[in-house]
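The values are calculated or read from the model by the stated rules, or taken from the named source; none is laboratory data. Remember, it's a predicted structure, so these values are computed and weren't measured experimentally. For neighbour counting, all protein chains shown are included, and Cβ atoms are generated from backbone atoms with ideal geometry for every residue, glycine included.
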Amino acid sequence: MGLKFPAFLQKQQQLAAVAAVAALPGFSGMALRPVSCVLSKNKLVQTKRGYFSLQHPNEEYFNKESIQFKILEKAIKNYVPIYGFTEKSITESLRSLNYDTDNISTLFNFSKYGSPINSLIYFNLCEKRNLLSLDKDQLIDLNFKNETLNLKKLLQKRLEMNKPILSHYHEALALMILPSNLNHSIDELQNLTDEICYLAGDNSNDFKWYTKRFSIASIYIQSELYMLKDKSQDFEDTMSFMNYKIDEIDKLGEAYNNVEEWTLFNLISLINLIKSQSVKG
């Protein structure tokens, strides 16, 4: 099990690990502000929740009644499975809604993601995360307190949401790891893992809050990469791989009594996995 550290040294190492997290490029404030994207008053909004929140104001992603929401929603559902994460998908969505197809750039001029295609990619991620929350009652039973089983069900559901667009998903991944987009990608990955842990019934109130989320993030990325190459029926091999990785969490967590080493190990692995996606497509 390794060497046990005195309590005061464990605390120092935990603080050092948090500082290391905050200092990494693209991770500014990430581990210290658990957030969630939910549907509220017909708007997808980013909400404050939980442990060590920095009390940032809610950040609106998309107004459900806006033209942009309708265009992106229809593009993801009807055209990305055919044309991929391309301007063609947005153009076809505009045409089907009887909008002028010459004004794509103008419509998304104020998007924080910088381009119509980036808006399409991150809308897809946020919308699917929101759907995961809406489906939680059908997926899990919090009265049956088995967090590991709940995590498996939630991760499986999120992976299954990629099926209609999987043949084009490498296009999105290649754009998501560009330096100009990496902050958005890491932030959204953290939002997803926070959402999944929260829905699964995670009640961590110590440093496990951080290590658990980094572990789930790493497992999700590995499972996405596995799924891109999976030829098994209904992606059975991917789901088996994901379940195996979830079962490893507790074993690995117990093996690392040095909390700083455990956290930084996960961070380095996570960053390398994100960057690797551009060459795995």
Selection status of LYS112, at pLDDT below 90, under 22 Å from ASN63 (Cα atoms) and either surrounded by fewer than 22 Cβ atoms within 10 Å (Cβ to Cβ) or not small (Gly, Ala, Ser) (or both): yes
Index of the failed condition, LEU131 passing every other in (1) within 21 Å of GLN222 (Cα to Cα); (2) surrounded by fewer than 17 Cβ atoms within 10 Å (Cβ to Cβ): (1)
Whichever residue in segment 144-153 is out of contact with any helix residue (DSSP H, G or I) (no Cβ under 8 Å at 6 or more places or on another chain) and either outside any helix (DSSP H, G or I) or among the basic types (Lys, Arg) (or both) and, among such residues, is nearest to ARG213 (Cα to Cα): ASN146
Looking only at segment 213-246, and only at residues there that are more than 14 Å from the chain's Cα centre (by Cα) and among the charged types (D, E, K, R), the one that is farthest from HIS168 (Cα to Cα): LYS245
Test: residue in segment 146-158 that is in contact (Cβ under 8 Å) with a residue 60 or more places away in the chain and in contact with a Pro (Cβ under 9 Å, 6 or more places away or on another chain): no
Cβ-Cβ under 7 Å pairs, at least 6 apart or on other chains, segment 208-224 side farther than 17 Å from GLU160 by Cα, far side among the aromatic types (Phe, Trp, Tyr): TRP209/TYR51; THR211/TRP262
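Please count how many residues of segment 246-260 are assigned to a helix (DSSP H, G or I) and either modelled with pLDDT under 65 or in contact with a Leu (Cβ under 9 Å, 6 or more places away or on another chain) (or both).
So the count comes out to 9.
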Single residue of ILE104, ILE121, ILE140 found to be of a type in the set (Val, Ile, Thr) and at pLDDT 90 or above: ILE121
